[in-house]
Amino acid sequence: MDGDTRGLGSRVMDGMGRPPRRLFALGAGAAALAVLVDRGLRLDVPQPPPPAPTRRPAPDEALLLSSVVELDHLVRAESSVLAHGDPGGLVGRLRTVNREQLAVLRGRLTNAGVPTTVIEAAMARGPLPLPDTSTTPGSTGSATTTGTPSPTRSAATGSGAAPPSGSLPRTRAQLAALLDSLGPEHWAAAAGATTDTRELLAAAWSQRLAAAVLLGRDVAVTAPSPARPAIVGRTQPLVYAFQVVAAQSTGSQRRTASATLDALTRLEIAVSGSSSTTPAGWALPFPVTTPAEARRLATRTLSSAVDAGTEVAGTHPVPASLEDVTRWSADIQALAVDWGVPPTAFPGATTS
């Protein structure tokens, strides 16, 4: 009995005098935790998330966003004019082309990683300033144009004046003035853009100015630019081709050919700065001895000229050259409509 009691007491004393190892571990952990809490650690507050990575702007993002906002305004302007009537359906066709341009430019931005929320926010804010690319590294030239720059068309007065900023046009004349409101900042921004963006916007702007011509606006070419010799070289063969077209046509086709020839002759005088001295004898792409062949020659030569804007402007155009070529191309596109060549969103440019 006493032996059992001594053994039990010994085991109890051993347990009280030498606590189990897990008690040592718990005690050490509590002590460490007390030190950390004393030094400012808060266990009940989650750690802040890492900072979100900053998105790098896409190439020409500011310029493309500004162009999207302008196109959205043009589409709404065309809808406003349509609400007041559209004899012949021309404005409706132009709106379809502008909607295609808008979709392509938005797609260009989203494909480059620009969130749709950024695009929608820009469209909600309204017109954006064009980026200043005159000092951008790799710019193809400064914003200074060659010769005397043309006045801003939107500043015209009378029924053909563009509506005040923020309002929408109600007449064809007002819409034409809005279409022809491209200013020096547009050409400077495009000249400083990457090649793909420059060609895409120049093509879209040539169609925009062609729409103004079709609505009765004069978008006469500006003072001579470095691209002027190439423009003259493209215009003179057109004059010769339509001399042949008119000579080989009959009836209403001959009247249309004569009207086109007169317009091309005036354009040649405007770009060359002197009376027409078109040399004869350019080689035709095929023999033309019938009215059907004459119509084929007309559509082929005009279509080729419409698609030649990029080639005529050159690989490194300055702002003045872009405007010169674009306004020349607009006149050609407007004439081509009479020969069944419809307005296209990006004439001569690759959109894919």
For Ser79, net neighbour charge (Lys/Arg +1, Asp/Glu -1) across residues whose Cβ lies under 14 Å away: +3
Extreme residue, positive dipole direction of segment 257-338, given options Ala334, Thr315, Trp282 (C-beta unit charges): Trp282
Under the Karplus curve 6.51 cos²θ - 1.76 cosθ + 1.60, θ = phi - 60°, whole-Hz ³J(HN,Hα) for segment 185-195, x wherever Gly or Pro sits: 5, 5, 5, 5, 5, 5, 5, x, 8, 5, 4
For segment 204-352, convex hull volume per residue from C-alpha positions, Å³: 116 Å³
Per residue solvent-accessible surface (Å²) - segment 211-327, probe of 1.4 Å: 44 Å²
For Leu335, net neighbour charge (Lys/Arg +1, Asp/Glu -1) across residues whose Cβ lies under 15 Å away: +1
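The values are calculated or read from the model by the stated rules, or taken from the named source; none is laboratory data. Bear in mind the structure is a predicted one, so any value in this text is a computation, not a measurement. No Cβ is skipped: glycine too gets one built from the backbone with ideal geometry, and neighbour counts run over all protein chains shown. SASA here: full protein model, heavy atoms, side chains in, ligands and nucleic acids out. Shrake-Rupley method; radii C 1.70, N 1.55, O 1.52, S 1.80 Å.
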